[in-house]
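Rule-based calculations on the coordinates, nothing more; no lab input. This is a predicted model, so every value here is computed, not measured. Counting neighbours? That spans all protein chains shown, and the Cβs are built from the backbone with ideal geometry, glycine included.
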Amino acid sequence: MNLRAHLPATWVRSTNTAGAPTPPEGYGAEPQEAIIRDLISDELTDSTDREIISEEGREKIKKHILEAIHKHTDVHVEEILFPDFTVQ
């Protein structure tokens, strides 16, 4: 996704996978996964490149995502992690 950039041509790529086609019981997509993905996409696209690049900015983004998940879903989430995150 292209960001409102202070720097020219800044892009972010975040990978979210849904798992195997037929996961074992207790694994796989959450019933509210589409809502959560949408909330994450909204927060990332509203963020500046400087927020995404800085540790403090990423922590703020994680906090906003967590708050949005708690507000808009009944999914129990304690922490947001970005295990695969690329900024170009």
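Tabulated results
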read-out: Cα gyration tensor category, rounded, prolate or oblate, for the range 31-87 with a/c compared to 1.5; value: prolate
read-out: Integer Hz, Karplus 6.51/-1.76/1.60 couplings in order for the range 76-88, x for Gly and Pro; value: 7, 10, 9, 8, 9, 10, 10, x, 9, 9, 10, 10, 10
read-out: Label-point separation, Asp38 to Thr86 (7 Å along Cα→Cβ), nm; value: 2.8
